[in-house]
Amino acid sequence: MVSVYPFTGLRPAPDAYPSVPSVPYDVISAEEAAAEIEKNERSLLRVIRPDAELMDIDPHDDRVYARAAKMFAKMKAEGLFQEDDTPSFYIYQITLGGELFTGLVSCVSVEEYNNDTIKKHELTRYDKEEDRTRHIDAVSAHTGQVFLLYKDSGLIHKTLVSIAAARTPDGEYISAGGNLHRIFRVADPADVAAITALFAEIPNLYIADGHHRAKSSANVLERRTSEGRATPDAEKFMSVLFAHDSVRIYGYHRLVRDLAGMNADQFLGDLALRFTVTPLKKVDVSKNMIPVKNDGSMHIIHLYLESQWYELTRPVDPSADAISRLDVSVLQELVLDDMLAIFDPRGDPRISFVGGIAPLADVIKDVDNGEYSAAFIMQPVTAQQVIDVADAGLIMPPKSTWFEPKLLSGMVIHEIR
């Protein structure tokens, strides 16, 4: 069973909430972060993307991490943050496209991450691990959350929504896209005890997004333990927990630069040996996906090639494991590997990825302008598929999931004292 822990949060001061929170470190480049900082010097990007203000040196130089610690201390000294006086949970609500998402900000256990009570479905890369490990260690804080899922009968989610509905928010932030992010502090001992007890009945948590943050937190504890400076705060990391059926998952589309020497007719002919290939007369490219009816018995992938749309279908092998049943796995094996010799989708420059809620017109524009030869439009996996993969101890192919809502960094921070 899982453990959730209230913590003494560090939050933007009331007048700083509109300016301090930022997008997470890994969705913005150093150049983009520098432009944002120039417009808003209060932004937490000064802490989580310190390389944006040290563009002339290696982003992994010791001075970059020292800069992060310095800017965090400066922002605290300037009164941009306030520390809560008692351990608390925090309800994080996001209004996105008219839909309300409700999660619980809490600390979870590094030990439960290590023993797989908190389950994973992605591999981590050492370079990204090492960067966040050094950053967390330097600033002695978790400035961003790990996005976790829990399977809920409905009671936990309803409880969190009910608690938030009875309160006024303790902080609000409106993102550049117009989405409303709100934090509600939950400090009442009865509410804290009730939430803790509800999660004690949950057998597992599942990482949706933030595998590198979670692994880096485990690395920090290991490092500090070996150096004799570990504290109880380092034994936990900050997360936002959402009911698995309350989030949205979108497809991660694939764009390929060339057809490995084939022309379009040859490529379609080879595809027809692997899939049923059906030309489509009309596709609404203002939408972010092509709607299909699928009871799970078919793989369905869409192809955009030379201004024409196609639907590729193939029966799902009922004996296949949780990974092999994924559309992205079939595409990788039968098309990217066998036909195009793109064996390393993480590193091969011949493939790019476009995920999330972007309209299809944005996905295919680089095919129309000739930069890419074809686009494969993927249907989203389900939260249950993610859970099935994690429960089986398997690893999903890279770029399999795009989760919404996207969380901000700095709505609340967990310091490691």
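The values are calculated or read from the model by the stated rules, or taken from the named source; none is laboratory data. What you are looking at is a predicted structure, and each value in this text was computed from that prediction instead of being measured. Because the Cβ atoms are built from the backbone with ideal geometry, glycine has one as well, and the counts that use them run over all protein chains shown. These area figures cover heavy atoms from the full protein model, side chains too; ligands, DNA and RNA do not enter into them. Shrake-Rupley method; radii C 1.70, N 1.55, O 1.52, S 1.80 Å.
What FRET efficiency do you get for GLN384 and GLU333 if R0 is 35 Å and r is their Cβ-Cβ distance, rounded to the nearest 0.05?
Result of the calculation: an efficiency of 0.95.
Roughly how big is the chain's charge dipole about its Cα centre, with Cβ charges of +1 (Lys, Arg) and -1 (Asp, Glu), in debye to the nearest 20?
It works out to roughly 620 debye.
Suppose the chain between VAL161 and ILE174 were pulled fully straight at 0.36 nm per residue; how much longer would it get relative to their current alpha carbon spacing?
Stretched out fully, the VAL161 to ILE174 stretch lengthens by 2.7 nm.
Using a/c under 1.5 as the rounded threshold, could you call the range 142-211 rounded, prolate or oblate? The axes a ≥ b ≥ c are square roots of the C-alpha gyration tensor eigenvalues, and prolate needs a/b larger than b/c, oblate otherwise.
oblate
For the chain, what is the Kirkwood hydrodynamic radius in Å, using each pair of distinct C-alpha atoms?
It is 22.9 Å.
Once you have the alpha carbon radius of gyration of the range 203-258, what is it after dividing by 2.2 N^0.38 Å, with N set to its residue count?
After normalising by residue count via 2.2 N^0.38 Å, the value is 1.67.
State to the nearest 20 debye the size of the charge dipole of the range 76-193 about its Cα centre, where the only charges are +1 on K and R beta carbons and -1 on D and E beta carbons.
Charge dipole of the range 76-193: 360 debye, to the nearest 20.
How much accessible area per residue does the chain have, in Å², with a 1.4 Å probe?
That works out to 44 Å² per residue.
Placing +1 at every Lys and Arg Cβ and -1 at every Asp and Glu Cβ, with all other atoms neutral, what dipole size does the range 1-140 have around its Cα centre, in debye to the nearest 20?
It comes to approximately 280 debye.
Highest first, please rank the peptides 190-196, 169-175, 45-51 by the mean number of other Cβ atoms sitting within 10 Å of their residues.
My ranking of the peptides, most packed first, is 45-51, 169-175, 190-196.
Within the accessible area of the range 257-307, what % is carbon and sulfur when the probe is 1.4 Å and the other protein chains stay in place?
About 51 percent, which is the carbon plus sulfur part of the accessible surface.
Cross-link candidates for LYS128: which lysines have Cα within less than 28 Å, leaving aside residues fewer than 8 places away along the same chain?
List returned: LYS39, LYS70, LYS74, LYS76, LYS119, LYS120, LYS215, LYS236, LYS399, LYS406.
Does the range 313-404 classify as rounded, prolate or oblate by the C-alpha gyration tensor (a ≥ b ≥ c root eigenvalues; a/c under 1.5 gives rounded; else a/b over b/c gives prolate, otherwise oblate)?
prolate
Of the options PHE89, TYR113, ALA77, report the single residue whose Cα projects farthest towards the positive end of the charge dipole of the range 69-118 (beta-carbon charges: Lys, Arg +1; Asp, Glu -1).
Farthest along the dipole direction, towards plus: ALA77.
Ranked highest first by the average count of other Cβ atoms within 10 Å around their residues, in what order do 375-386, 108-119, 340-351 fall?
Top of the packing list down: 375-386, 108-119, 340-351.
Would you mind putting 141-149, 86-94 in packing order, based on average other-beta-carbon counts within 10 Å, highest first?
Taking the mean over residues of other Cβ atoms within 10 Å, the ranking is 141-149, 86-94.
If you take the beta carbon distance between ASN294 and ASP116 as r and set R0 to 22 Å, what does 1/(1 + (r/R0)^6) give as a FRET efficiency, to the nearest 0.05?
Computed FRET efficiency for ASN294 and ASP116: 0.10.
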